[in-house]
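The values are calculated or read from the model by the stated rules, or taken from the named source; none is laboratory data. This structure is a prediction, so every number in the text was calculated from the model and none was measured. Glycine gets a Cβ as well: all are built from the backbone with ideal geometry, and neighbour counts include every protein chain shown. All accessible areas refer to the heavy atoms of the entire protein, side chains included, with ligands and DNA or RNA removed. Shrake-Rupley method; radii C 1.70, N 1.55, O 1.52, S 1.80 Å.
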Amino acid sequence: AEDGIRDLVRSRGLGDVYRSKAPHANDGAGAAAVFHYQTATRTWAFETLLDAPGLDAGDGFGWSVDIHGNTAVIGTKAGNEAYVYRDSTGWSLQTTLTPDGDRNGGFGRSVATDGGTIVVGAPGEEGLDNDTSATSGAIYI
């Protein structure tokens, strides 16, 4: 699709709730859409489009997305951030996660959530000895 929607994947914990990620939407700033399956009509209903404040073109918000229960975690491709949303009476941004210090290792390119645990991947993170010749990657919990 033109806005870069990459997939539509079943989310855990909410039954028939799906999310769609569009990291190239909004001039590359990105977006993520949430849909609910309507059993009575057997159709998918758009619920909301999530984005985050202060995104720049090329950040790729929505590069990685995971939803569990009423918590959604959305990562960026180049923004070096991950965003946590909760749904009580509508999806709202709860917090922005960033890596320790001044790092640029792709933090947010992969995310996962299960219960109260959030994991954010940084595939280009330097190793513990700061050896820049090879990146070992890191996960933040």
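With respect to residue 110, is the statement that it is in contact with a Ser or Thr (Cβ under 6 Å, 6 or more places away or on another chain) and at pLDDT 90 or above true?
So residue 110 passes the test.
What is the residue count in segment 40-59 for residues that are crowded, with 16+ Cβ neighbours inside 10 Å and in a loop (DSSP other than H, G, I, E, B)?
Qualifying residue count for the region: 4.
Can you name the number of the only condition in (1) open to solvent by 60 Å² or more (accessible area, probe 1.4 Å); (2) at pLDDT below 90; (3) not in a loop (DSSP other than H, G, I, E, B) that residue 93 fails?
Checking residue 93 against (1) open to solvent by 60 Å² or more (accessible area, probe 1.4 Å); (2) at pLDDT below 90; (3) not in a loop (DSSP other than H, G, I, E, B), the one that fails is (2).
Given the criteria at negative phi, open to solvent by less than 40 Å² (accessible area, probe 1.4 Å), among the hydroxyl-bearing types (Ser, Thr, Tyr) and modelled with pLDDT under 85, does residue 20 qualify?
yes
So in segment 73-90, with the set limited to residues that are at pLDDT below 90 and over 18 Å from residue 58 (Cβ atoms), which one is most open to solvent (accessible area, probe 1.4 Å)?
89
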